[in-house]
Amino acid sequence: MRTAAAFATPVTPASAAAPAPHARLEGVTRVYPARSGGDEVHALGPISFDLRQGEFFSVVGPSGCGKSTLLDVLSGLAKPTEGTVTFEGAPVDGKVPDGVGVVFQEDASFPWLSVEDNVAFGLRRAGTDAAETRRRVEFAIGFMGLRDFRRAYPSQLSGGMRQRVCIARTLVMQPRLILLDEPFGALDQQTRLLMGDELLRLWRETGATVMLITHALDEANLLSDRIGVMSARPGRFIEVVETGWDRERDSSLAERSEFGAVTSRLWSLLRGESLRAMGQGQAAEKRA
Amino acid sequence: MTAAAPPRASISVRNARDPVLVCAAIVIGWQLLHELAGDVAITAPLPTLSHLLHMVGQARFLPHLGETAMAFGQALAISWIGGVVIGLLLGGHKLTGEVAEPVLVTLYSLPKVTLYPVILLLFGLGMQAKVAFGAFHGIIPVALFTLNAVRNVPAAQLRAGRAMRLSGVQQARHILLPAALPEVFAGLRLGFSLTLLGTMLGELFASQRGLGFLLMKAIDLHDVETILAIAVLISAFAVSANMALLAVDRRLRRGAAPAGHGA
Ligand SMILES: Nc1ncnc2c1ncn2[C@@H]1O[C@H](COP(=O)(O)OP(=O)(O)OP(=O)(O)O)[C@@H](O)[C@H]1O
Ligand SMILES: [Mg+2]
């Protein structure tokens with residue numbers, strides 16, 4: 001059996017008394033400034049919540065509600081308009097902290113590099129020695145099922161495979177907090193399930209904290225310890241649902257009756273919000 | 001995966017085949033025109049080529065060739081370096097780029113020949129005017145291509161770099177540069193042809209040395225053989241340089257194009 005030991009990172013042990021959150025958002029909002037002929041867009045918040053050390057947290061919410069904006073702010077790629085973000089006790093301030101890995105919603109693979117070189121990119125820039133780089137790249141490529149395509153270029157891969165390249169490129173950096181924005185969006189249902197199981201295994205074996213943005217409710221349900229359900233824009237958590245699954249779980253969970261109950265709960269929370277989000281879109285169209 | 005590497009042999013055969021076919025077609029067409037129009041207008045391919053060889057062998061000829069080569073070399077350096085630098089500066093700053101682009105396009109659409117007298121007045125008769133005119137033709141397209149190349153780098157790729165904690169220099173060197181390179185190079189190729197055009201135009205009017213000058217003198221003397229010989233020489237240079245640049249282009253686009261596009 002393959003093992004994710006190559007990714008294992010020493011996780012700072014949470015202090016015995018009160019487990020410190022791995023990342024914390026306090027009163028965070030994000031407002032995009034007005035563009036010519038438009039209003040400013042209040043995309044997010046105010047949001048306050050803690051990501052617990054080592055948990056698998058998913059975010060679901062209607063399209064355009066601010067999920068990607070949340071990821072931008074949490075990762076340090078964008079500054080919050082108001083509020084503060086903290087990662088491992090230190091403020092995040094317009095820069096991605098060491099230990100945070102991000103996989104974007106859009107394809108961000110580098111077309112001028114082969115799969116191997118894409119995956120090795122971050123390690124080479126960080127000056128990791130060649131043998132270690134080779135070892136980690138080898139592992140990540142195998143883990144993501146890209147072994148046969150190591151010398152291929154992104155243009156020769158499907159969208160889902162390219163997304164896997166991006167995931168591998170992030171994993172080799174051994175992040176302690178992994179932020180994934182709909183990474184399986186381009187995959188079919190079966191591959192999605194398999195990738196979900198792989199992701200769970202990776203999460204268990206590395207001890208990393210994972211925040212996954214997804215639009216598939218059963219995927220969020222299956223993978224997560226907690227699921228944050230977001231409102232229509234400006235995005236806020238209307239509820240954080242605890243699933244209570246064992247750490248040793250996999251897709252066979254889907255056959256249990258409690259599983260169905262959680263998915264229905266998510267859907268009932270989201271139904272109204274999705275309708276509101278669609279309404280926003282239509283109203284905006286009418287104005288335009 | 002073996003299919004990942006495009007079959008090199010077939011591509012190089014193709015690279016060689018196309019220009020050979022083009023040359024063959026030109027020679028045949030040329031011969032036909034010669035049959036129709038006769039020696040007064042068009043001399044036959046073979047005598048013209050032997051005349052060219054004879055000309056190139058003469059000591060008198062070399063300074064003219066050198067003059068043109070020198071003018072073109074300098075003009076090309078200005079077009080390429082200046083164009084890339086201008087493009088990078090404008091592309092790096094969003095607003096400046098948006099303001100400058102239409103200005104450049106307008107400037108470029110001017111019929112440049114009409115401005116040649118102004119250039120002559122500014123630079124005087126001689127090398128400098130030719131260089132200026134050649135660079136004037138090439139620099140704007142190179143700048144426009146570079147500007148767009150920088151602007152079109154996908155935001156997600158730059159964000160990925162930031163997420164991997166790249167420094168500003170690393171970001172420029174390892175993402176911006178390779179991402180923009182194929183399009184910048186397309187601009188350099190176009191800039192090459194246009195700079196050559198500009199330099200030759202500059203030489204045709206009001207110059208005392210260079211291939212363009214020889215050409216004008218031959219026209220005065222109605223020396224058809226020399227006219228055609230010089231045309232062949234310049235064309236051969238342009239075609240082979242373009243082939244070399246295309247070969248580099250293909251390499252740069254290796255990643256960006258789907259597999260086996262060259263077959
Ligand atoms: N750069 C930007 N400038 C202005 N508005 C923006 C910008 N980026 C996002 N927005 C707006 O902010 C809102 C939230 O966008 P965001 O991308 O975070 O949504 P999302 O929840 O990720 O949507 P999806 O599920 O479709 O990916 C949207 O209404 C969007 O139009
Ligand atoms: Mg999104």
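The values are calculated or read from the model by the stated rules, or taken from the named source; none is laboratory data. This is a predicted model, so every value here is computed, not measured. A quick note on method: Cβ atoms are made from the backbone with ideal geometry, for glycine too, and the neighbour counts reach across all protein chains shown. For accessibility, only protein heavy atoms count, side chains too; no ligands or nucleic acids. Shrake-Rupley method; radii C 1.70, N 1.55, O 1.52, S 1.80 Å.
Pairs of Cα atoms nearer than 8 Å and 6+ residues apart set the relative contact order; for the range B:76-252 it is 27 percent. Counting 0.36 nm for each residue step from B:Leu197 to B:Val27 and taking away their Cα separation leaves a gain of 58.9 nm. I'd like the orientation of helix A:130-143 relative to chain A: the angle between its Cα long axis and the longest Cα principal axis, in ° from 0 to 90, rounded to 10. That helix lies at roughly 60 degrees to the long axis.
Backbone amide hydrogens, once placed in the peptide plane, bring A:Val59 within less than 5 Å of A:Leu212, A:Ile213, A:Thr214, A:Gly228, excluding anything fewer than 5 places away on its chain.
The angle between the Cα long axis of helix A:257-287 and the longest principal axis of the Cα atoms of chain A comes to about 60 degrees, rounded to the nearest 10.
Evaluated over the Cα positions of the range B:76-252, the convex hull gives a direction-averaged projected area, one quarter of its surface, of 11.8 nm².
Lysine pairs in the protein assembly as shown whose alpha-carbon atoms fall under 28 angstrom of each other, counting only those eight or more residues apart or on distinct chains, come to 10. Take the accessible area of chain B alone and of chain A alone, subtract that of the pair, and you get about 2300 Å² summed over both chains, using a 1.4 Å probe. Solvent-accessible area assigned to carbon and sulfur over the range A:100-173 amounts to 47 percent, based on a 1.4 Å probe. The value of relative contact order for chain A, using C-alpha pairs under 8 Å at least six residues apart, is 25 percent. Between B:Ala155 and B:Glu98, the modelled label-to-label distance comes to 1.3 nm, taking each label 7 Å out from Cα in the direction of the beta carbon.
How would B:Val169, A:Val137, B:Val232, B:Val105 rank on accessible area, largest to smallest, probe 1.4 Å?
I get B:Val169, B:Val105, B:Val232, A:Val137, largest accessible area first.
Taking the protein heavy atoms of the range B:76-252 in the context of the full set of protein chains, the accessible area attributed to carbon and sulfur is 74 percent at 1.4 Å.
Determine, at each q value in 0.13, 0.21, 0.22 (inverse angstroms), the log₁₀ of I(q)/I(0) that the Debye formula gives when each Cα of the range A:32-108 is one equal point scatterer. One equal scatterer on each Cα of the range A:32-108 leads to -0.45, -1.15, -1.25. Across A:Ser264, A:Ser252, A:Ser109, mean-square fluctuation computed from a Gaussian network of chain A (C-alpha pairs under 10 Å connected) peaks at A:Ser252. Scanning chain B for long hydrophobic helices, with DSSP H runs required to stretch 30 angstrom or more by C-alpha along their axis and to average at least 0.0 on the Kyte-Doolittle scale, returns B:8-37, B:127-151, B:177-204, B:224-253. Legend: mean number of C-beta atoms from other chains within 10 angstrom of residue C-beta atoms, peptide A:154-163, equals 2. A 1.4 Å probe run over the protein assembly as shown, with the rest of the protein chains in place, finds 49 Å² accessible per residue. If you bin all the Cα-Cα distances of the protein assembly as shown at 10 Å, starting from zero, the percentages per bin are 3, 14, 20, 19, 14, 11, 9, 6, 3, 0, 0.
Compute the whole-percent fraction of alpha carbon pairs in the range A:194-269 spaced more than 20 Å apart. Value for the range A:194-269: 29 percent of Cα pairs lie more than 20 Å apart. Largest to smallest in accessible area, the residues A:Phe143, B:Phe237 fall in the order B:Phe237, A:Phe143 (1.4 Å probe, all protein chains included).
Let me test this: with uniform point scatterers at the alpha carbons of chain A, what is the Debye-based log₁₀ I(q)/I(0) at q = 0.07 1/Å? Relative scattering, expressed as log10 I(q)/I(0), comes to -0.26. Based on Cα atoms of the range A:161-288, Rg over Rh with Rh as the Kirkwood radius reads 1.00. Relative to the longest principal axis of the Cα atoms of chain A, the long axis of helix A:189-206 lies at roughly 70 degrees. With the simple spin-label model, which puts each label point 7 Å out from Cα in the Cβ direction, the B:Asn242 to A:Glu82 separation comes to 6.3 nm.
Averaging 1/r over each pair of different alpha-carbon atoms in the range B:114-201 and inverting the result gives 14.9 Å, the Kirkwood hydrodynamic radius.
A straight chain from B:Leu49 to B:Ser235 at 0.36 nm per residue would run longer than the Cα-Cα distance by 65.7 nm. P(r) tail for the range A:100-173: Cα pairs beyond 22 Å make up 11% of the total. Report, as a whole number in µm² per second, the diffusion coefficient that Stokes-Einstein gives for the range A:67-190 at 20 °C and 1.002 mPa s using the Kirkwood radius over alpha carbon pairs. Rounded to a whole number, D works out at 141 µm²/s.
The magnitude of the dipole of the protein assembly as shown, with charges of +1 and -1 set on the Cβ of Lys/Arg and Asp/Glu and taken from the Cα centre, is near 520 debye.
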